[in-house]
1. Counting only heavy atoms of protein chains, what accessible area per residue, in Å², does the chain have with a probe of 1.4 Å?
2. Does region 3-80 come out rounded, prolate or oblate by the C-alpha gyration tensor, with a ≥ b ≥ c the root eigenvalues, rounded set by a/c under 1.5 and, if not, prolate when a/b is larger than b/c and oblate if not?
3. Could you order peptides 14-21, 65-72 by the average number of other Cβ atoms within 10 Å of their residues, highest first?
4. Would you mind calculating the relative contact order of the chain from Cα pairs under 8 angstrom and at least 6 residues apart, reporting the percent as a whole number?
5. How many angstrom lie between the C-alpha centres of region 6-82 and region 90-106?
6. Name the shape class, rounded, prolate or oblate, that the alpha-carbon gyration tensor gives for region 45-118, where a ≥ b ≥ c are the square roots of its eigenvalues, rounded holds for a/c under 1.5, and otherwise prolate holds if a/b is larger than b/c and oblate otherwise.
7. Per the 1.4 Å probe, what fraction of the accessible area of the chain, in percent, lies on carbon and sulfur atoms?
Amino acid sequence: MTAEPQLDVTEGASGIPLEIAASWRARTRGLLGRTGIDGALLLTPAGSVHTFGMRFALDVAYLDREFTVLDVRRMPPGRLGAPRLRARHVLEAEAGAMARWGVRPGVRLRIRAHHGAP
């Protein structure tokens, strides 16, 4: 049995369900057509996002190579996010989630992937 990846926030929430979009097709599709997400979606590699065609507002965190948060923005549907210098990954979640989890500039995130029993 393979468990889904989880996201941990330094000095914040842990065990956040995480989906990873690493292929061009998965990054292009992102959260389009969904009415919400349980947890977060990591787009990698990515330096910017848009919310055209989205059904809900997003919190978007721009991350550097080491998964340190560079910036966090709230994006309503129908917007184009400006590319962020040094961003290598983008984390998306429903609006309000990042604040609840403690995701803010300067915080480092960690991805855990469990394979088999702990």
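The values are calculated or read from the model by the stated rules, or taken from the named source; none is laboratory data. None of the values given here were measured: they were computed from a predicted structure. Ideal geometry is used to build each Cβ from the backbone, glycine not excepted, and the neighbour counts take in all protein chains shown. Each accessible area value is taken on the protein alone, full model and side chains, heavy atoms only, with ligands, DNA and RNA left out. Shrake-Rupley method; radii C 1.70, N 1.55, O 1.52, S 1.80 Å.
1. Working: 6670 Å² over 118 residues.
With all protein chains present, the chain gives 57 Å² per residue.
2. Details: a/c = 1.45, a/b = 1.35, b/c = 1.07.
Rounded shape, in that the Cα axes give a/c under 1.5.
3. Details: 14-21: 16.8, 65-72: 15.2.
Highest to lowest by the protection proxy: 14-21, 65-72.
4. Details: 285 pairs, mean separation 39.1, N = 118.
Across the chain, relative contact order equals 33 percent.
5. After rounding, the separation between the Cα centres reads 9 Å.
6. On the way: a/c = 1.77, a/b = 1.41, b/c = 1.25.
In terms of gyration-tensor shape, prolate.
7. On the way: 3530 of 6670 Å².
With neighbouring chains kept in place, the figure for the chain is 53 percent.
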